[in-house]
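To start, the structure itself, in structure tokens.
FYI, it's all coordinate maths here, none of it is from the lab. These numbers were taken from a predicted model, which means no experiment stands behind them. Glycine also receives a Cβ, built like all others from the backbone with ideal geometry; neighbour counts cover every protein chain displayed.
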Amino acid sequence: MSAREQILQRLRERRDGPVPEVPASLTTSMVRDWSAAEKLDRFQQLMESVHGEVHRTSATDWIDTLADVLEKRGARNLLIPRLHDIGAQILASDHPGLPELLHYDAPIEDWRPTLFNDVDAAVTSTRGAIAETGTLIVWPTADEPRLMSLVPPVHIAILEADQIFSTFQEAIALQNWASRMPTNALLVSGPSKTADIEQTLAYGVHGPKELIVIVVGAD
Amino acid sequence: MNQPSQHPHSVVQEFHPRAREALANPQIRANFRKAMDGLMTKRQTAFEGWELEALRDLGANIRQRALSKLPDLLEQLEANLTANGVQVHWANDGDEACQIIRDICVAREAKKVIKGKSMVSEEMELNHYLEAQGIEALESDLGEYIVQLAEETPSHIIMPAIHKNTTEISDLLHDKTGTERSHDVNYLTASARQQLREKFMQADVGVSGVNFAVAETGTLCLVENEGNGRMTTTAPACHIAVTGIEKVLEKLDDVPPLLALLTRSATGQHITTYFNMISRPRQPGEQDGPEAVHLVLVDNGRSSIYQDNELLETLRCIRCGACMNHCPVYTRVGGHTYGTTYPGPIGSILMPHLLGLDETQHMPTASSLCGACGEVCPVKIPIPDLLVRLRRESVDGDKLRVSEVRGHGVKRRRVESLAWLGWQWMHSRPQLYRLGTAVSARLRALVPQKLGAWTRYRSAPRLAPQTLHQMMQKRTPTAANTSQQPHREATR
């Protein structure tokens, strides 16, 4: 008998008989009732409390903010999506303040050392945010691969102001996650951090040292 | 204080000498006190404005519901993961799980394994197993990395290096990796980042734990702050997740309340930096992520806990560590004193099943039964009740009684059981009882002043000069039968 069969048999043939049934009970303690402005305020407050940076911009000036953010950090280059609308807008803007633009359009095996050592910043889209915890919803795609928001020291995330949900539960329900989960879905709340040395917070331990959120349509 | 980690199983019975050593070590006392005080305050703050009791009820409900359907959910999880392209393996115990991981590594000719935090892999002693097979297994969680460099085991399930202060860590990093000595935590962290980034680039296989496995969607969820978990599960060509069979959840909808409870209970965070949900390996057209994803489901004693309706509640645990942070014993003696993978209150109700009560007989008694652990548990595991249950199991003498707890009855002593048998015999015979107590009261001066462990910190108990019966007889009938409680008297 395989380990699988042995384990399942032990679980099915319980000494105390079947485990008493437990009805599902979803209490209301997770429901929040915030206006759009309250959600954005709360998102910003919590994101900043964990060292994230939040910029409110309009649909037209967000690329100026992007250029400004990169210039302040002296970024030599920026990894952008090729197909997503934000990548298209960045390319079309031909903004003079932007550094060299790169695409993640080859398998990681082909350029691993370059990604790990030579890319200064990456900009990705988001699928929205969660006000309750100050969290970004990031679903990596073929166009915006998983390491894009993890390996470069600066991650810039573009958030549409009208895509902020109150709770994680609400995002799962309204975006119908359960019907098809992506290869990888992420909740990101601030830059990478650790408190493993004597409970002292330090940022940028393995992932980005900085997380910058540009909220578009927040004017 | 820090015993080598090679053979934790052989040292589990030396609890008392280790406790004395830890209690006499001001550094250990200070490190734990400071950390636990901070964690308790942070937890309290994080739940402000929440209906905490309702949320804990919900958490307990979700976990108990999953356990009530456990075999079905495991099959559903396997079916959905398999459909997603994830390979699922089953292991009866730690050795089987280690072999499965070894076989995957060998088939891939993998020599370098990078690890995310996984308490189950600690339970399996995976690192030693792989190293004995010539496969490097490097921890990447900063705390685990520190503990591995020091050749120790974690002293806390969430903060593995909590027993060390900055100076100790600085010295360790200097000795083992050549980092400059410094009290600047940012500098120490940055140097570890440099060292581990190289390792992430070179690793052939990433091994991680799992916080929740969602049956409905076939999704593995990982909770972390550092990003090493994301690195481990994304950068190498192969990801092996390893988890206990109890970690499964029925629905995706069950995740948010448990996540809210887990991070707040563990470190007082609203949420961790990353919540990583993995449902399949790299798909055609995707540029990164592992081409192969495996899940190893480990039993290792869990199915025997599952047999008993009371003990079953142990399996609701979501490994937040709040019970340790609030335990007056854990805070004083530290995690290493327990000598087991899981220390503190949760360890004391879990390890006896994993290793047997004979190996862990010190654990159920390493508690003052103050009840703090049960009060803070986010899934309402009645830890004090389970500690008492295991104390009972450890002196249980009925060989015919079915017990799923290995090594039950290990603490039973012939003299002690005879004494209690005599006590029972005497107390069920009123005449004999009166005679016995009257004689004892007369001979009370003969009670020795030294009564072993009892009188080490207490004075010896003295029998009263008169028994209760004698005192009652001396009271006047009117005093004994005042009108205060006539009904109760009448109903006897």
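Annotations for the structure displayed:
- Karplus-derived 3J(HN,Hα) values for the range A:135-149, using 6.51 cos²θ - 1.76 cosθ + 1.60 with θ = phi - 60°, are 10, 8, 9, 10, 10, x, 9, 4, 7, 10, x, 4, 7, 4, 8 Hz; glycine and proline are entered as x.
- With helices as the sole contributors, the protein assembly as shown gives -12500 deg cm²/dmol at 222 nm; each DSSP H run of n ≥ 4 counts as -39500 (n - 2.57), and the sum is divided by every residue.
- Taken over the range A:123-219, the alpha-carbon convex hull comes to 117 cubic angstrom per residue.
- Helix B:255-267 and the longest principal axis of the C-alpha atoms of chain B enclose an angle of approximately 70°.
- Note on A:D105 and A:R76: the extension gain reaches 8.5 nm, defined as 0.36 nm multiplied by sequence separation minus the Cα-Cα distance.
- Mean per-residue shielding of peptide A:8-18 is 6, counting Cβ atoms of other chains within 10 Å of each Cβ.
- Residue order, fewest to most surrounding Cβ atoms within 10 angstrom, among B:L67, B:L463, A:L150: B:L463, B:L67, A:L150
- For the protein assembly as shown, share of DSSP beta bridges that run antiparallel, in % to the nearest 5: 30 percent
- In nm, spacing of pseudo-spin labels at B:E151 and B:E291 (7 Å Cα→C-beta vector): 3.8 nm
- Alpha-carbon Rg/Rh ratio, for the protein assembly as shown, with Rh computed the Kirkwood way: 1.05
- Cα gyration tensor, the range A:64-164 - rounded (a/c under 1.5), prolate or oblate: oblate
- Ordering of B:188-198, B:465-475, A:133-143, A:34-44 by packing is A:133-143, B:188-198, A:34-44, B:465-475, highest average first (other Cβ atoms within 10 Å, averaged per residue).
- Summing Lys and Arg as +1 and Asp and Glu as -1 over all other residues whose Cβ lies under 14 Å from the Cβ of B:E359 gives a net charge of -2.
- Over the range B:114-251, the hull volume per residue, using the convex hull of the C-alpha atoms, is 113 Å³.
- Shape analysis of the range A:1-138 places it in the oblate category; the axes a ≥ b ≥ c from the Cα gyration tensor give an a/c of at least 1.5, with a/b not above b/c.
- Residue of A:D64, A:D16, A:D33 that the Gaussian network model of chain A assigns the largest fluctuation, springs spanning Cα pairs under 10 Å: A:D16
- Only one residue of B:P328, B:G229, B:W50 has its Cα farthest out toward the positive end of the dipole of the protein assembly as shown, where Lys and Arg carry +1 and Asp and Glu -1 on Cβ, and that residue is B:P328.
- Taking every alpha-carbon pair in the range B:332-398 and binning the separations at 5 Å intervals from zero gives 4, 18, 30, 25, 17, 5, 1, 0 percent.
- Using the Cβ-Cβ distance between A:V22 and B:W420 with R0 set to 45 Å, the FRET efficiency from 1/(1 + (r/R0)^6) comes to roughly 0.70.
- Overall Cα dimensions of the range B:318-445, principal axis frame, Å, largest first: 55, 34, 26
- For B:V248, the residues 5 or more places off, or on other chains, whose built amide H falls under 5 Å of its own are B:A213.
- Here the protein assembly as shown is treated with +1 on each Lys and Arg Cβ and -1 on each Asp and Glu Cβ, and its dipole about the Cα centre works out to around 5000 debye.
- For chain B, a crude dipole built from +1 on the beta carbon of Lys and Arg and -1 on the beta carbon of Asp and Glu, taken about the Cα centre, is about 3360 debye to the nearest 20.
- For B:R412 and B:R442, the difference between the fully extended length at 0.36 nm per residue and the C-alpha to C-alpha distance is 7.6 nm.
- Inter-label distance, A:R180 to B:K111: 4.2 nm, where each label sits 7 Å from its Cα along the C-beta direction.
- Whole-number Å³ per residue for the convex hull built on Cα positions in the range B:371-482: 229 Å³
- In this Cβ point-charge picture (+1 for Lys and Arg, -1 for Asp and Glu), chain A has a dipole of about 940 debye about its Cα centre.
- Average beta-carbon neighbours from other chains, 10 Å sphere, peptide B:302-309: 4
- When the Cα positions of B:S348, B:V298, B:S367 are compared along the charge dipole of the range B:250-401, B:S367 comes out farthest toward the positive end, with charges on each C-beta of Lys, Arg, Asp and Glu.
- Shielding of peptide B:141-151 by partners, expressed as the average count of other chain Cβ atoms within 10 Å per residue Cβ, is 2.
- Cα gyration tensor shape for the range B:44-182, rounded if a/c is under 1.5, else prolate or oblate: oblate
- The range A:1-78-the range A:157-219 distance, computed between alpha-carbon centres (Å): 6 Å
- Which of A:G134, A:P145, A:V213, positive extreme of dipole for the range A:112-219 (C-beta unit charges): A:P145
- Summary value for the range A:1-148: 25 percent relative contact order, contacts being C-alpha pairs under 8 angstrom separated by 6+ residues.
- Phi to ³J(HN,Hα) by Karplus 6.51 cos²θ - 1.76 cosθ + 1.60 over the range A:113-130, Hz, x for Gly, Pro: x, 5, 4, 6, 10, 10, 8, 8, 7, 9, 10, 10, 7, 9, 9, x, 8, 10
- Over chain B, equivalent-ellipsoid semi-axes from the Cα gyration tensor in Å: 49, 26, 22
- Placed amide H near B:L357: partners under 5 Å, 5+ positions off or other chain: B:R406, B:G407, B:H408
- Measuring max minus min along each principal axis, the C-alpha atoms of the range B:219-357 give extents of 53, 33, 30 Å (largest first).
- Spin-label model, A:D219/B:Q202: points 7 Å from Cα along the beta carbon direction are separated by 5.1 nm.
- Between the alpha-carbon centres of the range B:38-85 and the range B:169-227 there is a gap of 26 Å.
- Net charge of Cβ neighbours under 13 Å - reference B:P71; Lys, Arg +1; Asp, Glu -1: -2
- Hydrodynamic radius of the range B:71-123 by the Kirkwood approach over all distinct alpha-carbon pairs: 12.9 Å.
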